[in-house]
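Here is the structure we will look at, set down as structure tokens.
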Amino acid sequence: MLELELDGKALQVPDGSTVIEAAHQAGVYIPHFCYHKKLSIAANCRMCLVEVEKAPKPLPACATPVTNGMKVFTHSDLAVKAQKGVMEFLLINHPLDCPICDQGGECQLQDLAVGYGDGASRYQEDKRVVSNKDLGPLVSTDLTRCINCTRCVRFTQEIAGLMELGQAFRGDRAEIMPFVEKTVDSELSGNIIDLCPVGALTSKPFRFSARTWELARRKSVSPHDGLGSNLIVQVKHDRVMRVLPLENEQVNECWLSDKDRFSYEALNSAERLTRPMVKQDGKWQDVDWNVALDYAAHALRDVTKNHGATAIGALLSPHATLEELALAGKLMRGLGSENIDCRLRQSDFTADGKRRGAPWLGMNVAEIGELDRVLVVGSFLRKDHPLIAQRLRQAAKKGTQISVIHSADDDLLIKLFAKGVVAPSQLPLLLAEVVKAVAEAKGAAIDASLQIVMRSGIQTDGAGATAKQIAASLVSGGNAAILLGNFAQQHPQAATLNALAQQLAELLGCKFGYLGEAANSVGGYVASAVPGGEGLNAAAMLADPRKAYLLLGAEPELDCADGAAALAAMRQASSVIVLSPFKSMAALDYADVLLPVSPFSETSGTFVNTEGRVQSFYAVAKPQGEARPAWKVLRVLGNLLEIDGFGYDSSEQVRDDVLGGKPDFASGLDNGVDGVAIELPAAGAMERIADVPIHFADALVRRAPSLQATADAVAPAARMNAATLAKLAVATGDKVAVKVGAGGTATLAVQLDSGVPDGCIRIAAAHATTAGLGPMFANLTVERA
Amino acid sequence: MLSETTLKKIDREVAKYPEAQKQSAVMAALVFAQDELGWLSKDAIAAVADYLDMPAIAAFEVASFYNMYDLAPVGKYKLTVCTNLPCALSGGVHAADYLKQKLGIDFNETTADGKFTLKEGECMGACGDAPVILANNKRMHCFMTPEEIDKLIGECK
Amino acid sequence: MALLEAINPLLSAGWQKGGHEWRLENDNGWRLKDYEARGGYQSLKKILETKMSSDEVIAEVKKSVLRGRGGAGFPTGLKWSFMPKAAPEKYIVCNTDEGEPGTFKDRDIQRFDPHAIIEGMIIAAYAVGAGRGYNYIHGEIYELYQRFEDALDEARAAGFLGQNILGAGFNFELFAHQGWGAYICGEESALLESIEGKKGQPRFKPPFPANVGLYGKPTTINNTESFASIPFIFRIGGEGFLNLGKPNNGGTKLYSVSGHVNRPGNYEVPMGTPFAKLLEMAGGMRGGRKLKAVIPGGSSAPVLPADIMMDCTMDYDSIAKAGSMLGSGAVIVMDETTCVVKALERLSYFYYEESCGQCTPCREGTGWLYKIIHRIEHGQGRPEDLDLLLTLGGNIAGRTICALGDAAVLPIQGFLRHFRSEFEYHIENKKCLVPPDVQRAGSTFFTRNMGQA
Ligand SMILES: Cc1cc2nc3c(=O)[nH]c(=O)nc-3n(C[C@H](O)[C@H](O)[C@H](O)COP(=O)(O)O)c2cc1C
Ligand code: SF4
Ligand code: FES
């Protein structure tokens, strides 16, 4: 600890603190622009100049380390004079366009200028004008306003991991820009809007739509990935106008992914379902709620009576709230069916009934930064979990050894220790090799099930070199973790991967966990939105089609592991009851009833994030049109069907019922499985590798126009490496017809992707153009189209 | 984009620096690219960045920061005259004026035949030899009297 | 000691004669054999053969009171002693960016004595335990960059560089790095950024390069002339070197004399030599005109009027006492044909043009300063402008990351301190005190073949 005196107050700060950190600790505000606690120190704005005893000149508080006995004056004459001098320089070339600037009202320069600037400017020369740059569909530029603090540049370099912005030219000709004609394509790009202390970088979708002081600020939780980023949703007249991060160091820190930030556009989409609709004689009619609910109840009762309740299946979106999932499950069980599932993209359910608890991260999110060894198994990490990837990126910079085994070699913008990229079928084998190598290194016995397979001598590369390298890293650490990504969870040998990760964790005495795919991947288990007893899981409900389906927020053709099968199942059903905020063309085709329910912004509810954190939120806006919170709709349905236990007055009651109160973290979380047989399949022929691109992943993002205009939202292609291209005698740009057995097909453009392993084709899922292809994991045949 | 010869020259530069510091060669690499192509187009900068495994914008930062890189086409002969104070005291500005008149162009302009571009230079560390003219970034001509300038222009074929 | 004997014999020691022709004729004495014939590499051999410890080497340099020739005058031996002993990876960097207007000595060292730099750097590397070094040579002297590469090849071939140098078990690799047009890269931390392949934007200090330098590793960075002085120090001993100059100002130094003198050029004289003597060596005032003012240490040093300057001796202390600084030893001589407003306008433009753009006061302030002086020079000055220049200067100096901010302000303060009335005349009369034809007469462009006194 160091002792100093700041503005006369004695203070103790940790070693290595800077003056600005000390001031922060003392609650003293030092004006600043370039300093940001999450970014490297640039000390270029010079706004934070303070007086330090014995120093001959004012020093920048952001870059000056505290020394023992130091005396700092943040508001002395010298300090204030220095700060005012800097402010004058900052303003000489700054346009006086506050009245038309989107930053107006939340501008650090404006705020400080009021306190520090002088009324009339002594600068009477010409002002500089800087041309604007096209950074893409999300971020708008007004670069004449830029004060060159370089926060945005440092963000792309340090946090997003790839320098997409720079400060080009020099002197007062310096300009912030991307490389000529390039845009900023990071999945975290929107954060530069928050970081920009002036109005040089603003939100393109939000541009000129409201002034900040007109907006109500309401807290919420992101409904997308498993992290559950904390949000501030800004609302004007019950319309969501903008989403900002709510700082929570334990969860999203001060960041948001672009998906979290811009998906709100979908809330105001023209595709919103705002009235209940029923299909009569093949024609859709707007109806009153009671008519629609009666219709739905009737249909459910009918199928139950004629075919038994097990003829009904419920496919629930893992992005639905805990309360909605719980009530949907309760409704089904009340009818007598256990065919309930929210794990829509999962294809291997052999671990069901063998789990010790609900699969989860296995640690707190914040602990990720403290790990010294990490093995990520089967994950499109950067796009599936942008902010967890960001935490790992920072950890890697501090020396954490991160290794990845996966079926795609996407650039994670993380300094990796080792990586193994193999065909999907070989992923379990590679993980088994790591287990074996760790066991050898530790002198421990390997599980009997593994011994048999390993003796056969198949190996994924040379002499198991990658596995050995990864093992050596893991063994050398003191705080390791194995993380199973979305791809591992969706994998046909998901249970095997789980069991192997478990063995590995036991050998190493370390943690292992799941990177939760969706906002309520953990909450779904907690709410029992999974089949019980003889109930059918999501895949089985499609493989063995039901007479009727209840869809909660799910768009099965895009959200399920096998979109083609899902669509066929919906089409053959005699009744499909849809609870959704949107009306999709697909649903209009196969559904009978469309019940408009609230998206997350218009209902209260709870997401249990991947670390088990229980995050409840309120509605930030009134439901649009006649939409109603789904928990209320389910309550009425339950009542109409005379099922017990639907007497809830609030969503909080539902939650408390499910969780036994309102704990901070859910209980019953455990990744352990018992009695799962290890399966290490042989390599297939021309295997599909299916990613779920970040902006296709759920019903909300799919309808956010700005996100759909980003580089991440390009239409799927058939991506393969040069060897595969040669083998198939096709070239980039060729059109090919891809087939799964005798089943689905898709016609796609060929694209070279050196990150795809030999004999595999990467084709994204969750997109209309590939839904017809069927399963995410399959062997493909390819023909020229 | 870049010839084998240029890439070889870049390799030689890369070898001067520790293994993980390829980017150190970017300044030299941009010089070679400019030598080969006459100026640094966006594609040339991207090619250099790509070759050195660095972000294109980082290479652009460098290309736009140092003022001997040309981000737009220049004449076959780029003549840079130092007009800074020490040179000006010994005729640097007058030499520039003479060149302007002789070539019929101002600073930062190129003659219609594309032969000459004139640039105003900052101190070249040769103040004792004023007036000084740097030709195509690489050849320094000192003590430039009107006769010497005539001769230089005559030699530029 | 007589003047000429004081001259460093390891340097080819010819250019101080100042003649352009001489320099052309003697442009080929830079090769290894020539340098060795002058006694080159003897110091290195002596150090290695007598197995001097690194501490002993540093102590000798400290004794010499060699003060850094790059501008700040920081004692070189002391700087070397800051290098952490245990660090496994360390660097030596030579600063041949030489962009400070008026300064052109390092170019001549590069031209005539590349091996003196190399030998000095090897000795420095030995002293601080560095395994690798770079000489950063500004782009405008590309021909000499190539010459330095040739000299390095010679030194490598002779076993002065590489593994196990002269069998002493000491390894050192040395390379040349080229600049490409940025004054700011002379600032040591900007120079390091530049070697790292980035824009030359200075780093905030502390940490200093001795702790966090090139690639984040401990680094010693010195000026070309500082390194080139090292072999000579070991030739005549630290004390001998100190005694050449005067206390606290060791050795001889190169002065770049430019402007209105008959023989502009580099002159090596002992520290403490009277300015009048130096002026005489440079052939005296051109055309016999009257001395008006001198910038004694490169463009960033405050100008001194003739009478004050004529009383100075050429060393750090004397010039500082007179209110300026010795800086890089670049002596810009101005006679009565000089318009001080125009002179300052050009210098201010330089700092505006060369500001790296990183920190606010310098990025925004240098342009503002220049615009004001430009207005004054062009007859649009306002009475309040002079005070505005000074208060703005006060808001820049000492508030920036690097000393370029100060460098931009010092000339303004100097010119206004000594020549304020000429600025006022400009503002009031919208024209210069020195008539245009008189100004033109100062230039020799049309009238005389330069360099022949
Ligand atoms: C704006 C600026 C420009 C500089 N230019 C040079 C230069 O061209 N050459 C040089 O040796 N030092 C220059 N310096 C000084 C260096 O930062 C550094 O102090 C010097 O290289 C140290 O070497 P020395 O101790 O041998 O003098 C400059 C400093 C500043 C602030
Ligand atoms: S003072 Fe000027 S040159 Fe120095 S760091 Fe700041 S902006 Fe750059
Ligand atoms: S906040 Fe300290 S210099 Fe910008």
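Laboratory data are not the source of any read-out in this text; all were calculated from the coordinates shown. Keep in mind that this is a model prediction, so the values were computed, not measured. Every residue, glycine among them, receives a Cβ derived from its backbone with ideal geometry; neighbour counts consider all protein chains shown.
Observations on the structure shown:
- FRET efficiency, 1/(1 + (r/R0)^6) with R0 35 Å, evaluated for A:R173 and C:A86 via beta carbons: 0.20
- The listed peptides C:381-387, C:141-147, ordered by packing as a protection proxy, come out as C:141-147, C:381-387 (highest mean of other Cβ atoms within 10 Å first).
- Per the Cα gyration tensor, chain A maps to an equivalent ellipsoid with semi-axes of 46, 33, 26 Å, ordered largest to smallest.
- Seen against the Cα atoms of chain A and their longest principal axis, helix A:427-442 is set at about 70 degrees.
- The mean number of partner chain beta-carbon atoms within 10 angstrom of a residue's beta-carbon across peptide C:182-195 is 2.
- In terms of packing, defined here as the mean over residues of other Cβ atoms within 10 angstrom, the peptides B:119-126, A:28-35 line up highest first as B:119-126, A:28-35.
- Averaging Cα coordinates gives a centre for the range A:50-91 and one for the range C:147-221; these two points are 34 Å apart.
- Between A:D644 and A:E53, residue separation times 0.36 nm minus the direct Cα-Cα distance comes to 205.3 nm.
- Helix A:77-92 axis, angle to chain A major axis (alpha carbon atoms, nearest 10°): 70
- Note on chain B: the alpha carbon radius of gyration divided by the globular reference 2.2 N^0.38 Å gives 1.15.
- Hydrodynamic radius (Kirkwood) for the range B:72-157, which is based on Cα pairs only, to one decimal in Å: 12.4
- Averaging Cα coordinates gives a centre for the range B:104-157 and one for the range A:370-418; these two points are 54 Å apart.
- Summing charges over all other residues whose Cβ lies under 13 Å from the Cβ of A:L322, with Lys and Arg as +1 and Asp and Glu as -1, gives -1.
- Semi-axis lengths, Å, the protein assembly as shown, gyration tensor of Cα atoms, sqrt of 5 times eigenvalues: 69, 35, 28
- Extension gain, A:D674 back to A:N479 (0.36 nm per residue minus Cα-Cα distance, nm): 67.7 nm
- Distances between placed amide hydrogens fall under 5 Å for A:V139 paired with A:K204, all partners being 5 or more residues away or on another chain.
- Within chain C, the selection of entire DSSP H helices by a Cα span of 20 Å or greater along the long axis and an average Kyte-Doolittle value of at least 0.5 returns C:114-128, C:224-244.
- C-alpha center-to-center spacing [the range A:258-317, the range A:468-528] in angstrom: 36
- C:A168-A:K398 FRET efficiency (beta carbon distance; Förster radius 35 Å; 0.05 resolution): 0.30
- Distance histogram in 10 Å bins (all Cα pairs of the range B:29-85, percent per bin): 23, 52, 19, 6, 0
- Calculated FRET efficiency for the pair B:D43/A:W289, C-beta based, R₀ 51 Å, to 0.05: 0.25
- Shielding value for A:92-100 is 1, the average number of Cβ atoms from other chains within 10 Å of each residue's Cβ.
- Estimated distance in nm for a label pair at A:E3 and B:R139, the labels positioned 7 Å out from Cα along Cα-to-Cβ: 7.1
- Between A:K442 and C:E280, the distance separating the two model label sites (each 7 Å from Cα on the Cα→Cβ line) works out to 8.8 nm.
- With Cα atoms, 0 to 90° folded angle of helix A:465-476 axis to chain A main axis: 60
- Residue-averaged 222 nm ellipticity for the protein assembly as shown, from DSSP H runs of 4+ at -39500 (n - 2.57), nearest 500: -10000 deg cm²/dmol
- Listed peptides A:647-659, A:350-362, C:223-235 appear in the order C:223-235, A:350-362, A:647-659 once ranked by packing, highest mean of other Cβ atoms within 10 Å at the front.
- Placing pseudo-labels 7 Å out from each Cα toward the beta carbon at B:T111 and B:E4 gives an inter-label distance of 3.6 nm.
- Peptide B:134-147 - average C-beta neighbours from other chains (10 Å radius): 4
- Along its three principal directions, the equivalent ellipsoid of the range A:356-416 from the Cα gyration tensor extends over semi-axes of 18, 15, 11 Å, largest first.
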